[in-house]
Amino acid sequence: LDFSTLRAARGTYGAVQGDVPAGVVVTDLRTAVREHGDIVRKHLYSAVRAGEWKFLALNAALWSDGCFVHVPANTEVALPLTWLTRYAGAEAAFATRTLIVAGTNSRVTFIDDVTSPDGERALIAGAVEIIAGDGAKVAYYNVNRLGDAALNFTTVRAILVRVAEFTAFPAGIVSKLT
């Protein structure tokens, strides 16, 4: 994969790879707040609430960046979308959120590829929210390639409307605690 479009945001880097059809939005969450605020306001914190436990409260207090995906109704994303997040910075805490909103009868596969260097102590208090509209099919793959000193407390949750389908495939490699 060519991640030449890497963007930095407070020690995290995000990039998307994949065929993005017209109307589908894949961007960092900070940009989405500005450019797609109505969708973000409607769904952010709806599946994963800040007060559920201490690491989600930390996420809400320190929220810095993340990924936003919006797939309009009746749209199919044929190839998987891949988002790479690189946590960099020793002795740091990272609080990112991913928000995926799949409209009625839409289809999307999302690969959330998360990395950090070995030997750098890091705390990740993340949240992933997936909203699948009526008849939507969402597949979420988390590839956790965090370094050997990283502590990962990420919550993944989906809200499914009527006959929506959600499949999650977590894969953790190396991190001290996931």
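The values are calculated or read from the model by the stated rules, or taken from the named source; none is laboratory data. Because the structure is a prediction, the values reported are computed rather than measured. Here the Cβ is made from the backbone with ideal geometry for all residues, glycine too, and neighbour counts use every protein chain on show. Ligands, DNA and RNA are excluded from the accessible area calculation, which covers all protein heavy atoms including side chains. Shrake-Rupley method; radii C 1.70, N 1.55, O 1.52, S 1.80 Å.
Just a few scattered comments:
- A viscosity of 1.306 mPa s and a temperature of 10 °C, combined with the Kirkwood radius over C-alpha pairs in the Stokes-Einstein formula, give segment 77-166 a diffusion coefficient of 114 µm²/s.
- Rounded to 5, percent antiparallel among DSSP beta bridges of the chain: 20 percent
- Note on residue 168/residue 25: beta-carbon distance plugged into 1/(1 + (r/R0)^6) with R0 of 22 Å gives a FRET efficiency of 0.50.
- Counting only protein heavy atoms and a probe of 1.4 Å, the accessible surface of segment 117-178 is 56% carbon and sulfur.
- Ranked by solvent-accessible area (1.4 Å probe, protein heavy atoms only, all chains present), the residues 137, 42 order from largest to smallest as 42, 137.
- Potential extension, residue 35-residue 88 segment - 0.36 nm per residue separation minus Cα distance: 16.4 nm
- Here each label is just a point 7 Å from Cα along the line to Cβ, and for residue 143 and residue 42 those points are 3.2 nm apart.
- The largest accessible area among 157, 162 belongs to the first residue in 162, 157, and the rest follow in falling order (1.4 Å probe, all chains).
- Summarised as an ellipsoid, the chain has semi-axes of 25, 17, 15 Å, derived from the eigenvalues of the Cα gyration tensor scaled by 5 and square-rooted, with the largest first.
- Average accessible surface area per residue within segment 57-120, 1.4 Å rolling probe, Å²: 35 Å²
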